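Colleague: After the structure tokens below, expect a handful of questions from me.
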Amino acid sequence: MIEVADRTARESIIVRVADVMTEASISESPTDTLRAAAALMWREQTGSLVVLDGHALVGIITERDILKATAQDVDVDALTVGEAMTAEVVTTTAEVSIHDAARVMAQHWIRHLPVVDGERVVGMLSQRDIMGVFAALRRETGAAEIDSDELVRTRRLARIGPGDLD
């Protein structure tokens, strides 16, 4: 569990994955094309999609997977999510501390960590979510206040301008 001391109040704040995770974006099918996955990521303003077979987590596809395929000149209209996804998904639970979750992400060199409750996906933790927490916890005189809620998906979607999704 992570304890971050506020320099002025000298109180400890315990932050768990459940406190900052966002709703996971889901690929509709492992048979979707990479282009369809990229379009969904753009609409959802997320860098990853969990891939489900029914309710079972079968993989994760990330912006890095799509970038790799594009760099290797793969036809993103032909390659499926199932062919490009990572099938051995590293996950966490909502009660894990942000500190422990961040260590798992660093150990596995990943930026997106699905949150599960048993076999069910209940959320997603990203590096951006973790950075938002630490930025909000650090208070300095004269620094702008950061509301960590501003960093969740609803605010990310607000950044899309007219015509961006055309």
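The values are calculated or read from the model by the stated rules, or taken from the named source; none is laboratory data. Since the model is a prediction, treat every value here as computed from it, not as a measurement. A quick note on method: Cβ atoms are made from the backbone with ideal geometry, for glycine too, and the neighbour counts reach across all protein chains shown.
Colleague: Would you point out the residue of region 32-74, among those that are under 18 Å from the mean Cα position of the chain (by Cα) and among the acidic types (Asp, Glu), that is surrounded by the most Cβ atoms within 10 Å (Cβ to Cβ)?
Modeller: 65
Colleague: Any chance region 91-98 includes a residue that's modelled with pLDDT of 60 or more, under 18 Å from residue 16 (Cβ atoms), of a type outside the set (Lys, Arg) and in contact with a Phe, Trp or Tyr (Cβ under 9 Å, 6 or more places away or on another chain)?
Modeller: Yes, region 91-98 contains a residue that is modelled with pLDDT of 60 or more, under 18 Å from residue 16 (Cβ atoms), of a type outside the set (Lys, Arg) and in contact with a Phe, Trp or Tyr (Cβ under 9 Å, 6 or more places away or on another chain).
Colleague: Determine if region 16-25 includes at least one residue that is surrounded by fewer than 18 Cβ atoms within 10 Å (Cβ to Cβ), at pLDDT below 85 and either under 21 Å from residue 90 (Cα atoms) or hydrophobic (A, V, I, L, M, F, W, C) (or both).
Modeller: No - not one qualifying residue is present in region 16-25.
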